[in-house]
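Engineer: For reference, the structure I am asking about is given below.
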Amino acid sequence: MTIEKKTDCAHMANITGWSHRLCAEVLNPGDLAIDLTAGNGNDTLHLAQCTAAQASGCVIGFDIQRCALNASAALLTAHDFPVCIHTEATATDVHPSSQVRPDTGVHLFHCGHQYLEHHLPRAPKDIIGNLGYLPGASHTITTNVLTSIRAAEQGLAALLPQGRLLLVVYPGHPAGYDEAHALIQLFAELPKQRWDSINISCTNAAKAPFLLGAERRR
Ligand SMILES: C[S@@+](CC[C@H](N)C(=O)[O-])C[C@H]1O[C@@H](n2cnc3c(N)ncnc32)[C@H](O)[C@@H]1O
């Protein structure tokens, strides 16, 4: 089977394109990949293609908005990736009795990514998070500094060697500004003997989104 690895880095300042390219570099069919923010499903679809989630791989996605999960499921299904949606008691809570740890296919959780560790069946090779708000929906429903830091810390703790955590950060709105500063600090303080950490940003656009990446060295 030929696996299509979509890399839409069409122009240099396309930050999500960079995140897709850096995912595709490390992911292989059969891997587990995580999308911290499913949104409209574009990143989830890319991970599904890179891991061959219709066969051997697994993608687990999170979002606190049901409309986002529905949009993601529609996109994935249109590309022949069956999707299972799991609903927690509330989107901002998780109950031990409802913990599900799927191991193949595409699984979307109506649940905050701060509960990532409750749903990991094994160590992931890649974790992606496109932060901020859902395009076309309310701009008041957005990722925030506390839950993003929790998800990032859990993700870093879980990654396989050579695994990557890739976060697209939007500093141009108030919640994103705080989030950006806290995440830059988290990535900057990763110990060099265990992590490589990068920041890809536009040097001539101060409030433009940027990409933080961390790769586990061993
Ligand atoms: C920029 S959008 C994601 C775009 C998406 N990755 C795509 O490819 O279309 C950010 C998403 O994060 C979601 N979100 C906000 N807080 C969250 C949380 N604590 N856990 C999971 N998702 C969250 C929002 O509902 C929104 O859909």
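Engineer: When only residues in the range 143-158 that are of a type in the set (Ser, Thr, Tyr) and either more than 9 Å from the ligand (Cβ to nearest atom) or surrounded by 20 or more Cβ atoms within 10 Å (Cβ to Cβ) (or both) count, which is nearest to GLY172 (Cα to Cα)?
Structural biologist: My answer is THR143.
Engineer: On the basis of being assigned to a loop (DSSP other than H, G, I, E, B), away from the ligand (no atom under 12 Å from the Cβ), in contact with an Asp or Glu (Cβ under 9 Å, 6 or more places away or on another chain) and under 27 Å from ALA214 (Cβ atoms), does ARG101 make the cut?
Structural biologist: no
Engineer: Report whether or not ALA123 is outside any strand (DSSP E or B), crowded, with 20+ Cβ neighbours inside 10 Å and more than 8 Å from the ligand (Cβ to nearest atom).
Structural biologist: no
Engineer: Continuing with the same structure: Considering only residues of the range 182-204 that are touching a residue at least 12 places away in the same chain (Cβ under 8 Å) and farther than 14 Å from VAL169 by Cα, which is farthest from the chain's Cα centre (by Cα)?
Structural biologist: My answer is GLN193.
Engineer: If I filter the range 96-104 for residues that are touching a Phe, Trp or Tyr at 6+ places or on another chain (Cβ under 6 Å) and without any contact (Cβ under 8 Å) to a residue 60 or more places away in the chain, do I get at least one hit?
Structural biologist: Scanning the range 96-104, I find no residue that is touching a Phe, Trp or Tyr at 6+ places or on another chain (Cβ under 6 Å) and without any contact (Cβ under 8 Å) to a residue 60 or more places away in the chain, so the answer is no.
Engineer: Looking at GLY39, GLY30 in this structure, which one is touching a residue at least 24 places away in the same chain (Cβ under 8 Å), assigned to a loop (DSSP other than H, G, I, E, B) and more than 14 Å from the chain's Cα centre (by Cα)?
Structural biologist: Only one candidate qualifies: GLY30.
Engineer: Find all pairs meeting these conditions: Cβ atoms under 6 angstrom apart; at least six residues apart or on different chains; first residue within the range 155-177 and more than 15 Å from LEU27 (Cβ to Cβ); second residue among the aromatic types (Phe, Trp, Tyr).
Structural biologist: VAL169/PHE210; PRO171/TYR177; GLY176/TYR170
Engineer: Sticking with this structure for a sec: Tally up the residues in the range 127-136 that are under 14 Å from GLN65 (Cα atoms) and surrounded by 15 or more Cβ atoms within 10 Å (Cβ to Cβ), please.
Structural biologist: Result for the range 127-136: 4.
Engineer: Looking at GLY132 and the list (1) within 14 Å of the ligand (Cβ to nearest atom); (2) over 19 Å from SER19 (Cβ atoms); (3) at pLDDT 90 or above, which single condition is not satisfied?
Structural biologist: Against the list (1) within 14 Å of the ligand (Cβ to nearest atom); (2) over 19 Å from SER19 (Cβ atoms); (3) at pLDDT 90 or above, GLY132 comes up short only on (2).
Engineer: Is the range 199-213 home to any residue that is among the hydrophobic types (A, V, I, L, M, F, W, C), more than 26 Å from ASN28 (Cβ to Cβ) and touching a strand residue (DSSP E or B) at 6+ places or on another chain (Cβ under 6 Å)?
Structural biologist: yes
Engineer: Applying the selection to the range 47-65, what residues are more than 8 Å from the ligand (Cβ to nearest atom), out of contact with any strand residue (DSSP E or B) (no Cβ under 6 Å at 6 or more places or on another chain) and either among the β-branched types (Val, Ile, Thr) or part of a helix (DSSP H, G or I) (or both)?
Structural biologist: If the condition is that a residue be more than 8 Å from the ligand (Cβ to nearest atom), out of contact with any strand residue (DSSP E or B) (no Cβ under 6 Å at 6 or more places or on another chain) and either among the β-branched types (Val, Ile, Thr) or part of a helix (DSSP H, G or I) (or both), then GLN49, CYS50 are the ones that fit.
Residue by residue, here is whether (1) of a type outside the set (Asp, Glu); (2) surrounded by 13 or more Cβ atoms within 10 Å (Cβ to Cβ); (3) outside any strand (DSSP E or B) holds:
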site	(1), (2), (3)
LEU183	yes, yes, yes
ILE198	yes, yes, no
ASN204	yes, no, yes
LYS207	yes, yes, yes
LEU212	yes, yes, no
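The values are calculated or read from the model by the stated rules, or taken from the named source; none is laboratory data. If you're wondering where the values come from, they're calculated on a predicted model, not measured in any experiment. A quick note on method: Cβ atoms are made from the backbone with ideal geometry, for glycine too, and the neighbour counts reach across all protein chains shown.
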